[in-house]
Amino acid sequence: MKKSNFVAMIMGTIGMVFFALGMCMALIPEWGMFRQGIVAGAIGIVIFLLTLIVWRKMEGKEPIKLNGKTVGTVVFGIFGALLFGVGMCLSMVFGKMVLGVVIGVVGIVALLMLIPMTKGLQ
């Protein structure tokens, strides 16, 4: 394993722990820690962004250029993840299994479409 991948893995794990705990703190009302959860989640997102910057620098790659394709890809990825999450919530929380599975599958397909959008088909 290359050092850059190892550093990215460690930083990504730390970011994920902060983000996941923050979301649990914010979204579980019994805990009563909404504001602290938002702060922890924001720290996790910042660590994710730092991970991306550090990994690209260690790999010797140039910074990501913000153009229409990059912004559109990110927005499409967020849309797919939200669809997937809504499907899970409908299935697991609200008991609407069929609707939740359908929406979740649409979200999975949207996320899978990111691969050809970014890499292209050959």
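Taken together, the values in this text are just the output of simple stated rules run on the coordinates, not laboratory data. None of the values given here were measured: they were computed from a predicted structure. Reconstructed Cβ throughout: ideal geometry from the backbone, glycine too, with neighbour counts over all protein chains shown.
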Study note, to complete from the structure: Checking rank on 63-71, 103-111, with mean other Cβ inside 10 Å and highest first, the result is 103-111, 63-71
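For residue 65 and residue 111, calculate 0.36 nm times their separation in residues minus their Cα-Cα distance, and state this gained length in nm to one decimal.
14.4 nm
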Revision key, fill the gap. If unit charges are put on Cβ atoms (+1 for Lys and Arg, -1 for Asp and Glu) and the dipole of the chain is taken about its Cα centre, the option from 45, 67, 106 lying farthest towards the positive end turns out to be 67
Check your understanding: Peptides 55-61, 82-88: what's the order by average Cβ count within 10 Å, highest mean first?
Key -> 82-88, 55-61
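Just to be sure I follow: if Rg is taken over the C-alpha atoms of the chain and Rh is the Kirkwood radius over the same atoms, what is Rg/Rh?
Details: Rg = 17.2 Å, Rh = 16.6 Å.
Result: Rg/Rh = 1.04.
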Review point. What does the charge count near residue 60 come to, summing +1 for each Lys or Arg and -1 for each Asp or Glu among other residues with Cβ under 14 Å from its Cβ?
Key: +3
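Per residue and in cubic angstrom, what volume does the convex hull of the Cα atoms of segment 79-122 have?
Numbers: hull volume 2.1 nm³, N = 44.
Looking at segment 79-122, the number lands at 47 Å³ per residue.
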Review point. Given the C-alpha centroids of segment 41-62 and segment 87-119, what is the distance between them in whole angstrom?
Key: 27 Å
